[in-house]
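Below: one structure, written as structure tokens.
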Amino acid sequence: MKQVLIINITRMGDLVQMGPLLARLQEEWPGVAVDLVVDRRFAPVASMLKGLRNVVGFDFHELIDSSRAAAKDVVSLFEEVSGWARPLAERKYDRLINLTFSRPSAFLAGYIGAPDIRGGRSAWDGGIVIDNTWMAYFTDIHRFRRINRFNLVDVYTLGGSGPGAFAPLQLTLTRESQEWARRFLASAEETRAQWIAVQAGASDVMKAWRPQSFGFTLARVSERWQGGIVFIGAGSERETVAQAIQAYRSAGGRNPVLNATGQTSLEQLAALLAECRLLLTNDTGPMHIAVAVQTPVIDLSVGHVDFQETGPYGSGHWVLQPELDCAPCGFEQVCAHHSCKDRLLPDHVAELILYVLGGGPFPSGVSTYRLYESGVDEDQLGTFRLRAGREPASTAWYAAFWRRYWYESFTGLLSQVPMPDGPAPDAEDAIRRLVAMRPRLDALCKRAEDIVRTACRMPIATGVLASLQQEQVRERESTIHMGLDSLATAPLTTEFMRTLHNDNVQGVDRLALHHANAYRRWRAQLADIQRRLSRVCDKPRSKQLRMVAGASAVAG
């Protein structure tokens with residue numbers, strides 16, 4: 001019997017999102033035994049997942065706090081973790097899947113070990129090495145996230161297992177939690193047959209719509225819908241929910257309100273969401289729980305949230321994204337205006353809620369945001385289809401192009417998702433850029449080969465080696481800058497940068513060879529992209545573009 005260990009120790013939502021991976025592992029290896037390492041706080045969520053043999057909890061939160069505060073010395077911390085993990089190492093897993101991109105999880109993966117490790121593991125020098133192409137891709141997308149079209153759920157599934165049949169998010173509810181949820185809803189002073197759930201808070205204020213906007217939206221809904229409203233959230237979100245309820249009542253909200261904030265266990269929360277017609281929410285863990293209990297979601301994607309990465313998975317959900325050049329913003333960015341939140345107007349959100357509830361027409365007059373409907377694409381992966389609003393033409397074209405490219409590159413399968421129509425909007429400029437980068441890449445590859453020869457001669461001519469490396473760094477930095485400045489080259493340039501540093505070799509000669517291979521791969525990939533861009537050009541422009549592309553071949 002095959003055995004797999006999954007490490008997933010960060011967030012509640014990440015646990016729910018790995019449900020399709022468990023289904024895919026069973027498809028790949030029928031009868032496989034899967035164990036899960038999880039932070040003890042989220043063990044109740046893991047207990048609702050199907051396809052697990054054992055859930056192994058540990059207080060990683062306390063461990064990290066102890067390490068940061070130096071409450072325990074390093075040796076004691078190592079002995080504590082290694083003693084706990086030793087039985088896992090002795091089980092001799094066939095595959096280890098690390099879904100947490102952190103040094104502690106990488107250390108744990110390396111310590112437990114397996115013939116097939118997917119995700120981060122410790123390198124010989126204490127750094128992190130990522131072995132799987134899909135897992136590595138997920139670490140890259142923050143540099144080109146606006147054209148990423150792979151949901152984290154699919155990255156988990158493809159990286160941890162491989163392509164296969166679509167599987168939805170799914171949680172198992174206990175009878176006790178279902179009975180509790182029904183009693184809670186029945187406790188309202190005015191009983192209602194239908195309820196909508198609302199998550200007004202979030203773990204980060206950057207990704208939370210304004211509480212007053214929730215209240216105004218729900219007041220508009222109450223004018224045309226007679227159901228009840230139940231607010232959910234952690235105890236820390238009580239003030240946010242109170243502001244939303246106050247705004248609701250001051251705006252003339254007519255429907256009964258229940259406040260479950262801070263009153264539910266995770267099992268009860270799942271059961272409560274299962275009783276509701278829909279969930280109006282920020283990008284949160286409860287959003288994924290709602291998806292997993294088949295409750296439609298309306299996701300308000302603001303701040304640094306990118307719904308293409310972490311939005312509701314599968315069919316039947318809706319996403320509103322502000323139409324701003326800066327949206328979504330970067331993870332490290334501190335926003336001074338939060339104006340993206342003002343692009344989502346309460347009247348428009350109310351209109352969408354009523355449409356989903358079956359009580360109104362499809363939203364009209366969409367101009368300040370984009371409206372997407374979730375679904376499943378031709379490759380059996382999650383997708384989002386634009387239903388209203390506009391996407392920049394270049395963003396839409398390259399998103400489709402790279403979606404197909406990465407799928408075929410990583411799986412070796414022909415994607416069933418169509419190529420984007422016509423050429424890229426900037427096809428001529430893109431090919432000119434690729435042509436301009438070609439001699440630079442040739443020079444970098446030659447320099448890398450010179451470094452390999454120098455590093456392999458004994459004794460090493462350290463002065464010559466240092467001089468070659470300095471020249472290489474100057475050439476590389478200018479070429480990287482050029483590569484990151486175009487949607488046609490940024491993804492592969494980002495992959496090169498990560499590959500260059502994703503080493504686990506000892507010795508100057510081996511490191512030099514690793515770098516040389518990275519340069520060669522970068523050059524070959526960009527040449528492939530140039531050929532692909534030329535092939536999809538339309539007939540009126542193809543001759544001119546082929547002439548531009550031909551100049552590269554002559555130069556090479």
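Any read-out appearing in this document is the output of simple, stated calculations on the displayed coordinates, not a laboratory observation. Keep in mind it's a predicted model, so treat the numbers as computed, not measured. Methodologically, a virtual Cβ is constructed for each residue, glycine included, from the backbone with ideal geometry; neighbour enumeration extends over all protein chains shown.
Summary of values
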{"quantity": "log₁₀ of I(q)/I(0) at q = 0.09, 0.13, 0.15, 0.21 Å⁻¹ - segment 340-489, Debye sum with one point per alpha carbon", "calculated": "-0.55, -0.85, -0.97, -1.24"}
{"quantity": "Dipole magnitude of segment 175-390 about its Cα centre (Cβ charges: Lys, Arg +1; Asp, Glu -1), debye to nearest 20", "calculated": "700"}
{"quantity": "Whole-number percent relative contact order across segment 132-238, with pairs defined as alpha carbons under 8 Å at least 6 apart", "calculated": "24"}
{"quantity": "FRET efficiency, 1/(1 + (r/R0)^6) with R0 41 Å, evaluated for Arg143 and Glu79 via beta carbons", "calculated": "0.60"}
{"quantity": "Calculated FRET efficiency for the pair Arg453/Glu373, C-beta based, R₀ 60 Å, to 0.05", "calculated": "0.60"}
{"quantity": "Contour minus Cα-Cα distance for Ser315 and Leu484 (0.36 nm per residue)", "calculated": "57.5 nm"}
{"quantity": "Cα-based equivalent ellipsoid of segment 71-160: semi-axis lengths in Å, sorted from largest, via gyration tensor", "calculated": "27, 16, 10"}
{"quantity": "Rg/Rg_ref, the chain, where Rg_ref = 2.2 N^0.38 Å and atoms are Cα", "calculated": "1.06"}
{"quantity": "Phi-based couplings in Hz for segment 266-280 (Karplus 6.51, -1.76, 1.60; Gly and Pro marked x)", "calculated": "5, 5, 5, 4, 4, 5, 5, 5, 5, 7, 9, 6, 7, 10, 9"}
{"quantity": "C-alpha center-to-center spacing [segment 438-465, segment 349-404] in angstrom", "calculated": "50"}
{"quantity": "For the chain: lysine pairs under 28 Å (alpha-carbon distance), excluding those fewer than 8 apart on one chain", "calculated": "4"}
{"quantity": "Magnitude of the charge dipole, segment 3-160, Cβ model with Lys/Arg +1 and Asp/Glu -1, debye to 20", "calculated": "440"}
{"quantity": "Compactness relative to 2.2 N^0.38 Å, alpha carbon Rg of segment 213-356", "calculated": "1.03"}
{"quantity": "The chain, helix-only ellipticity at 222 nm - DSSP H runs n ≥ 4, -39,500 (n - 2.57), divided by all residues, nearest 500", "calculated": "-15500 deg cm²/dmol"}
{"quantity": "Order of Val129, Val505 under a 10 Å beta carbon neighbour criterion, fewest first", "calculated": "Val505, Val129"}
{"quantity": "At R0 = 51 Å, FRET efficiency that the Cβ-Cβ distance of Val464 and Glu176 yields, to 0.05", "calculated": "0.10"}
{"quantity": "Extended-chain gain in nm, criterion 0.36 nm per residue less alpha-carbon gap, Asn504 and Ala186", "calculated": "108.6 nm"}
{"quantity": "Cα-based helix-to-principal-axis angle, 462-483 vs the chain, degrees rounded to 10", "calculated": "50"}
{"quantity": "Calculated on alpha-carbon atoms, Rg and Dmax of segment 3-160 in Å", "calculated": "15.4, 45"}
{"quantity": "Dimensions (Å) - segment 427-555, Cα atoms, principal axes, largest first", "calculated": "59, 27, 19"}
{"quantity": "With Cα atoms, 0 to 90° folded angle of helix 508-535 axis to the chain main axis", "calculated": "70"}
